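See structure below.
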Amino acid sequence: METERVHTTITGHEVRYAPDEGFEGFRARLDALLADPAAGEQEMIGLAYSRANPILAPTPGDLVGDRGAVTREVLQDPRYLVVQDLLARKRFAAQGTDPAVVAAEYTVSLAEAAKALGVSKSAAQQAFAAGRLPSWVKGGRPYTTRRAVDAFAITQRASAKARPGPAPRAPRVAEREAPPERVVVRVDQGPDGVFRLKHAGALEGLTRVAGSTVVEGHLDGWSRVAVLAGAGPDACFYALAPEPGANATLAAEGGFFVRGGFKIVEAVRAAGQSRARWRAFAPE
């Protein structure tokens with residue numbers, strides 16, 4: 001078996017990883033479902049987040065059901081990006097979305113994004129690489145959307161306005177220290193989303209996955225938030241409270257997660273009760 005494989009995502013990014021028989025066998029099962037028009041998206045998601053996936057961690061307790069867990073280590077594994085890409089391809093096919101149509105929205109180059117945001121090309125490149133500016137690679141070069149640049153600029157202005165008095169020269173992003181209660185999230189905020197977050201205020205560093213209601217960002221200075229995970233009879237309600245310094249992860253099928261300085265203070269797993277608790281919950 002070769003020492004390195006290169007997987008090109010639907011958005012044109014290259015993912016390099018060291019193959020092994022366990023993962024390649026599992027990937028073959030995902031590829032088969034992707035190629036089978038009779039196999040639904042939920043069936044493929046179910047397999048991707050099952051214990052059969054060799055890159056997932058053992059499930060902590062019963063927080064996410066009979067599934068593998070998506071931990072910080074899993075999120076950093078390039079093979080996880082391969083799995084996410086295969087799921088994205090299935091989602092595009094299930095929704096009848098033409099990738100070329102979505103790609104056509106990505107017209108802002110790295111240099112143009114840097115100029116529009118008033119930052120260096122290096123800073124813009126960091127935002128591209130971290131996913132804070134979603135990108136699509138065309139002709140070997142990354143492009144983002146005008147909407148993503150505008151949203152990023154609004155976030156920058158809001159952060160600057162929140163700082164009292166004259167601010168010193170901003171340090172590089174890598175030098176900023178995150179508050180201990182920060183949580184980083186990837187959630188589906190659609191009315192029928194399968195992993196929704198109820199919170200006060202706005203997510204910072206907000207980016208939106210093209211063609212969907214999926215968003216990513218982080219939340220600081222919060223006191224109470226809630227997660228509604230699952231759909232129909234499988235829905236679960238979780239109330240979260242800050243736990244500074246914790247490295248907790250709550251994850252679910254579809255690549256959704258909340259991770260960072262929190263603890264679960266309430267869990268309701270009966271579908272009717274969980275949705276009622278979700279409607280009544282007041283975030284702080």
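Assorted remarks:
- Added length on full extension, which subtracts the Cα-Cα distance from 0.36 nm per residue, residue 115 to residue 52: 18.1 nm
- Applied to segment 27-34, the Karplus parametrisation 6.51 cos²θ - 1.76 cosθ + 1.60 on θ = phi - 60° returns per-residue 3J(HN,Hα) values of 4, 4, 5, 5, 4, 5, 5, 4 Hz, with x for Gly and Pro.
- Rounded to whole Hz, the Karplus (6.51, -1.76, 1.60) HN-Hα couplings of segment 81-97, x for glycine and proline: 5, 5, 4, 4, 5, 4, 5, 5, 5, 5, 5, 4, 5, 5, 8, x, 8
Coordinate-derived values only; no laboratory data. Computed from a predicted structure; not experimentally measured.
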